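Encoded as structure tokens, the structure appears first; notes follow it.
The values are calculated or read from the model by the stated rules, or taken from the named source; none is laboratory data. Nothing here was measured: the structure is a model prediction, and the numbers come from that model. Positions of Cβ are backbone-derived with ideal geometry, glycine not excepted, and every protein chain shown enters the neighbour counts. What goes into the accessible areas is simple: the full protein's heavy atoms, side chains included, and nothing from ligands, DNA or RNA. Shrake-Rupley method; radii C 1.70, N 1.55, O 1.52, S 1.80 Å.
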Amino acid sequence: MHRVRYHVLLYVIAVAAVAIAGCGGGDDDSGSGYKLRTTAFRSNAVREPGESGTMKIRACTVLSAREVGRAVDAAQLSPTPNNSLDLSICNWDGGGAHVKLMVDTAPKAQLRYYNLLAEQHEYYNADPELKARQIKGVGEDSAYGGAGAWWTRGRNQLVAYDHNKILKVRVNVAGWSDARARATAIALGKRAVRNTRS
């Protein structure tokens, strides 16, 4: 009786050992138990490392002082440029108005745009002043995140993504409502997107 149990026990142990050894075999030699993928890995634009300095865009030439002045009802606005390798900023000031355009052409713009939006949702979604309100029809709406632009009223800022660029438009005019600042930022943002595509 004991010999039969002993043989059955040895048989069970041998079968278990073979089964365990078989789990790590096959096409995958990593020992993880997972099989190698059957389809070829294909990278996409978001994963590409990109290269700095490929675009030479100057924010002060994307929008003219006249265009910005008309948008904010200010007769004379003087532009102040600030340019670096992948970042160009222009500030227009005058007549109680301040408008700022930032054009960011550094690599992985779409991924960085999505990360900015995700952080805004994560940290400020309960704050009406800093909550990201998504806007379609300004930037590239097929971008990660669901829309090509978003607005935060506490900063009077529109952030848009379009063709490997992030554009930020900030509109501050004394006495203006959020709705008016937002509409103006959207109009200037659309123009800036259009002008940086050509």
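For residue 123 and residue 163 in one chain, what is 0.36 nm times their gap in residues minus the Cα-Cα distance, to one decimal in nm?
Length gained between residue 123 and residue 163: 11.7 nm.
Quick check for you: with a 1.4 Å probe and neighbouring chains kept, what is the accessible area per residue of the stretch 58-198, in Å²?
Ligands and nucleic acids excluded, the figure is 48 Å² per residue.
Once neighbouring chains are kept in place and the probe is 1.4 Å, which whole percent of the accessible area of the stretch 67-122 is contributed by carbon and sulfur?
Details: 1380 of 2720 Å².
Solvent-exposed carbon and sulfur of the stretch 67-122 make up 51 percent of the total.
How much length, in nm to one decimal, is gained on full extension between residue 85 and residue 108, taken as 0.36 nm per residue of separation minus their Cα-Cα distance?
Residue separation times 0.36 nm, minus the Cα-Cα distance, leaves 6.8 nm.
Dipole size in debye (nearest 20) for the stretch 131-198 around its Cα centre, Lys and Arg Cβ +1, Asp and Glu Cβ -1?
For the stretch 131-198, the charge dipole is close to 180 debye.
Distance between Cα centroids, the stretch 138-191 to the stretch 76-114: provide it in whole Å.
A separation of 12 Å, based on Cα centres.
With charges only on Cβ, +1 for K and R and -1 for D and E, what is the dipole size of the stretch 43-179 about its Cα centre, in debye, rounded to 20?
On the way: 16 positive and 15 negative charges, 37 e Å.
So the dipole magnitude of the stretch 43-179 works out to roughly 180 debye.
Check cross-link reach from residue 168 to the lysines: straight Cα distance under 25 Å, and skip same-chain residues fewer than eight apart.
Reachable lysines: 56, 100, 108, 131, 136, 190.
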